[in-house]
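Undergrad: Below you will find the structure I want to go over with you.
The values are calculated or read from the model by the stated rules, or taken from the named source; none is laboratory data. Since this is a predicted model, take the numbers as computed values, not measurements. Because the Cβ atoms are built from the backbone with ideal geometry, glycine has one as well, and the counts that use them run over all protein chains shown. Accessible surface is based on the protein model in full, side chains and every heavy atom, while ligands, DNA and RNA are left aside. Shrake-Rupley method; radii C 1.70, N 1.55, O 1.52, S 1.80 Å.
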Amino acid sequence: MNTITIQDESAAGAILNEITLKFSEEYISVSALIKARIKQEIFQYENNVESYKKGLVVPGSLESKLNNKKAKSIDAEKQLYIALDAFKNNGFILLVDDEQVVDLEQKVLVDASTVVSFIKLTPLVGG
C-alpha cells in the first residue's frame, strides 16, 4: 500500500487539518484523490461526529438536523459532486508539491514524500 498525506491549509499557510490516505496504485488521478478524501472524511464524521474536524465535507443543514436525531449518514455522492464542482469553479486550490493542479485527470504520485495541500477559498456546504 502507498500512502499520501493531505493537508488543509489556510490562505496564510497554517495547517488546519491532516488526513492520511492509502492507495494500491502508485499514481492516481486528482478526481480519485478527492473521492478518497470525501470517503475518509465521511467515515470519520459518521464514527465520531463530536470530534470531526471540518474538512472538505460539510453536511447541509437538513442533513445535520436529521443526523442529530437518528442516523449519521451523509450522501457521499452528493458531497463528491459538491467537491468536484468546487474544484472546477475555484472553491479551493489544490497544490501537489507546491504546484497548483487544475485538471481532474492529472496524475499524482502516491508517495510519503508527496505533499498535497487543499486551500479553501469558500466554504463548501451541501444542500
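Undergrad: Please pick out the residue among Ser24, Ser29 that is closer than 24 Å to Met1 by Cβ, out of contact with any helix residue (DSSP H, G or I) (no Cβ under 7 Å at 6 or more places or on another chain), modelled with pLDDT of 95 or more and loosely packed, with under 15 Cβ neighbours inside 10 Å.
TA: Testing whether each residue is closer than 24 Å to Met1 by Cβ, out of contact with any helix residue (DSSP H, G or I) (no Cβ under 7 Å at 6 or more places or on another chain), modelled with pLDDT of 95 or more and loosely packed, with under 15 Cβ neighbours inside 10 Å leaves just Ser24.
Undergrad: Any chance you could count how many residues in segment 5-21 are within 11 Å of the chain's Cα centre (by Cα), more than 14 Å from Leu109 (Cβ to Cβ) and surrounded by 14 or more Cβ atoms within 10 Å (Cβ to Cβ)?
TA: 4
Undergrad: When both residues are 6+ apart or on different chains and their Cβ atoms are under 9 Å apart, which pairs have a first residue that lies in segment 31-47 and is farther than 22 Å from Leu95 by Cβ, and a second that is part of a helix (DSSP H, G or I) and open to solvent by 60 Å² or more (accessible area, probe 1.4 Å)?
TA: Going by the 9 Å Cβ cut-off, the qualifying pairs are Gln44/Ser51.
Undergrad: What pairs can you find where one residue is in segment 70-99 and closer than 13 Å to Lys120 by Cα, the other is open to solvent by 40 Å² or more (accessible area, probe 1.4 Å) and modelled with pLDDT under 90, and their Cβ atoms are less than 7 Å apart, with a gap of 6+ or different chains?
TA: Going by the 7 Å Cβ cut-off, the qualifying pairs are Asn90/Leu121; Gly91/Leu121; Gly91/Thr122; Phe92/Lys120; Phe92/Leu121; Ile93/Leu121.
Undergrad: Going through segment 74-93 one residue at a time, which ones are of a type in the set (Val, Ile, Thr) and modelled with pLDDT under 90?
TA: Ile74, the sole residue that qualifies.
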